[in-house]
Amino acid sequence: MRFAFGNEANRPDEVASTSGVNKKLPFVFTASFVGDEAEEVGRGAVSSTQCPQTPPTSRHDGRVVGLAKAVTPSHVDLQQELALYDRIRRANAACWFEGNARRDALERELKEVMMEETQDLKSSIFSVQEQKDAVEREIRSFVSGEKRARSALMDPLKVDSSGTVRALGSRLREVEEEIHKAKHQKRVEAAKREEERRREQERRRAEEEVERARRAEEERAERAEAERVLQATREAERRRAEAAEAERRAAEAREREERESKVPAGTKMAPGASKWQRTCAAVYEKHKDLAKVIFQASKLERLKLEKPLKKAVNQLSCSRQQIRFVGGNVTSHLSNQHQQGQHLYSYCLVRLGDLIAAQAPGLGAAKQLAFAYAELVAMVSDAGFEDLTFVLFASLHRSCPLAVPGLPKSYEGDLTEIKGYISLLAAVCQRQNPDWCWSYQARFLNHLPATERTALALDAFLQMAGHALHTKFRRQQDKVFACVRQGFVRSLGQAKGSEDVDAVKSRIEKYVDMRVFASAPKDSHIPETDESTHIRC
């Protein structure tokens with residue numbers, strides 16, 4: 001590839017200046033290809049500024065380089081052509097910038113050289129002109145002297161006319177000096193006019209530069225303003241989109257809240273209790289869906305997974321040593337199944353919650369064992385299997401609606417089982433999060449009526465968790481106990497029921513009036529070792 005710049009001698013864009021030096025037009029370059037590149041262009045590359053029928057040519061050195069062949073280009077040829085044009089465009093752009101910089105530098109150097117040469121030339125012209133005038137004067141004086149001497153020799157009678165000749169010579173010299181002064185004055189005036197013209201050009205050039213800079217500054221300001229407006233518009237659109245998205249999410253959250261808080265028909269239940277029931281049921285159903293394959297498998301395969309869990313649940317006793325032993329076995333089994341597959345782990349988690357909930361009916365008379373199961377659930381949950389608590393709550397909710405708390409219209413649950421379910425629920429809640437106990441009693445007292453079964457459930461709950469509630473909430477819990485004594489118990493006295501109602505009412509009154517809640521339940525203490533091995537579920 002060769003490039004021809006605007007300073008070549010045979011370029012037609014040269015313009016003669018008034019100073020006698022050729023002035024260049026703005027920088028122009030052309031590109032021609034030689035060898036492989038010319039052949040590549042000739043295979044089908046057609047310039048974007050030429051007609052497809054005209055082969056690309058180059059005027060460099062008067063030679064035509066490359067001929068376009070009328071061949072239908074293929075996909076590969078088009079790609080090669082595009083790549084070639086990209087290289088040409090990059091090379092032309094680089095050459096244009098380099099040529100521009102070089103042209104500016106050359107113009108500055110040329111201007112300085114021309115000024116120096118002009119001064120030197122003027123000095124030389126003046127010096128030569130003076131020398132020429134001196135020589136001419138000497139020649140004239142010599143010629144005049146020779147003529148006068150010859151005339152004197154030839155005509156002795158005209159010797160007296162030398163004065164006239166001298167006067168004529170002196171007049172001639174004066175005229176020559178005046179002519180010389182006039183020429184000199186013209187040269188000086190021409191130099192002044194040239195200097196003024198140069199200064200005027202420089203002034204105009206400076207004004208153009210100032211105007212160009214002003215326009216560039218205005219363009220930059222306009223672009224900045226447009227960019228600012230565009231940015232502001234985008235920011236406003238983004239904020240509107242975020243506001244719309246936030247409103248949509250809020251509407252979905254409200255809809256979901258209303259849907260989750262919707263109380264089933266025919267059931268007395270707080271909206272918060274309905275939402276809590278659905279939350280626990282969602283965790284239970286999630287793991288049950290993950291273990292769907294195992295639930296559909298044969299009984300033998302399921303028994304292999306359940307056997308270590310059943311053994312651990314049946315081995316639990318009221319000693320911390322045995323709780324740690326059983327909890328270690330359960331945690332190890334869940335970890336192993338989790339490593340083998342999520343479906344195996346989910347099946348074991350669901351079955352463990354169901355097995356523990358299945359022990360609840362017998363815990364009404366063995367409250368110490370209920371606290372032991374609460375410790376086991378807390379130990380497994382703290383080991384990284386926190387979904388076990390929600391799975392257990394979901395199992396309790398299905399078995400006993402009062403564990404939500406809720407009271408279906410036709411609910412006729414066994415009193416002993418109700419007491420066991422609520423005892424296990426209260427033990428787990430006060431062990432893991434006393435706030436759950438507070439929510440349970442508030443929903444219970446605000447939405448459930450005073451009946452035989454609700455009274456039995458409330459008595460079992462307070463016997464297990466009343467001390468933990470009073471320890472954390474103090475005065476607020478005292479107000480709750482007063483509400484139980486003055487509101488729930490009074491309403492219970494008006495309810496019709498068996499003799500068990502009076503017994504439950506008496507136990508609640510005694511629990512509140514004698515402040516039994518001030519001390520921990522007698523069965524809440526779990527010794528390090530189990531001395532009474534007969535207490536088992």
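The values are calculated or read from the model by the stated rules, or taken from the named source; none is laboratory data. Here the structure is a predicted model, which means the values were calculated and not measured. Positions of Cβ are generated from backbone atoms using ideal geometry, with glycine treated the same way; all protein chains shown enter the neighbour counts. Ligands, DNA and RNA are stripped out before the accessible areas are found, and what is left, the full protein with its side chains, is counted by its heavy atoms. Shrake-Rupley method; radii C 1.70, N 1.55, O 1.52, S 1.80 Å.
Before moving on, here are some points about what is shown:
- Note on the range 175-200: residues that are more than 30 Å from residue 140 (Cβ to Cβ) and open to solvent by less than 80 Å² (accessible area, probe 1.4 Å) total 4.
- In the range 346-369, of all residues being under 19 Å from residue 401 (Cα atoms) and either of a type in the set (Ser, Thr, Tyr) or outside any helix (DSSP H, G or I) (or both), the one that is least open to solvent (accessible area, probe 1.4 Å) corresponds to 364.
- The set of residues in the range 313-334 being touching a residue at least 24 places away in the same chain (Cβ under 8 Å) and of a type in the set (Gly, Ala, Ser) consists of 317, 319, 327.
- Filtered residue count, the range 186-195, keeping only those that are closer than 18 Å to residue 128 by Cβ and not aliphatic (A, V, I, L, M): 2
- Residue in the range 385-395 that is within 20 Å of residue 272 (Cβ to Cβ) and open to solvent by 30 Å² or more (accessible area, probe 1.4 Å) present: yes
- Candidate set: the range 395-406, residues that are among the small types (Gly, Ala, Ser) and part of a helix (DSSP H, G or I); chosen: the one nearest to residue 464 (Cα to Cα): 403
- Taking the range 249-268 as the range and being among the small types (Gly, Ala, Ser) and either under 18 Å from residue 406 (Cβ atoms) or open to solvent by 100 Å² or more (accessible area, probe 1.4 Å) (or both) as the test, the residues that pass are 261, 265, 266.
- Of residues in the range 290-333 being among the hydroxyl-bearing types (Ser, Thr, Tyr) and assigned to a helix (DSSP H, G or I), the one farthest from residue 377 (Cα to Cα): 332
- Of the listed requirements (1) open to solvent by 60 Å² or more (accessible area, probe 1.4 Å); (2) modelled with pLDDT under 60, residue 121 misses just one: (2).
- Test result for residue 116, open to solvent by 90 Å² or more (accessible area, probe 1.4 Å), under 30 Å from residue 192 (Cα atoms), assigned to a helix (DSSP H, G or I) and modelled with pLDDT of 65 or more: yes
- Tallying residues that are open to solvent by 20 Å² or more (accessible area, probe 1.4 Å), in contact with a Lys or Arg (Cβ under 9 Å, 6 or more places away or on another chain) and closer than 17 Å to residue 408 by Cβ within the range 270-299 yields 4.
- Residue within the range 448-465 that is in contact with a helix residue (DSSP H, G or I) (Cβ under 8 Å, 6 or more places away or on another chain) and open to solvent by 60 Å² or more (accessible area, probe 1.4 Å) present: no
- Subset of the range 411-438 (residues that are open to solvent by 40 Å² or more (accessible area, probe 1.4 Å) and touching a residue at least 60 places away in the same chain (Cβ under 8 Å)): 415, 431
- Within the range 108-126, residues that are within 22 Å of residue 185 (Cα to Cα) have Cβ atoms under 7 Å from residues that are part of a helix (DSSP H, G or I) in these pairs: 122/191, counting only partners at least 6 apart in sequence or on another chain.
- Listed by first and then second residue, the pairs with beta-carbon distance under 7 Å, at least 6 apart or on different chains, first residue in the range 345-366 and under 17 Å from residue 421 (Cβ atoms) and of a type in the set (Val, Ile, Thr), second open to solvent by less than 10 Å² (accessible area, probe 1.4 Å) and part of a helix (DSSP H, G or I), are 356/313; 356/373; 356/377; 356/392.
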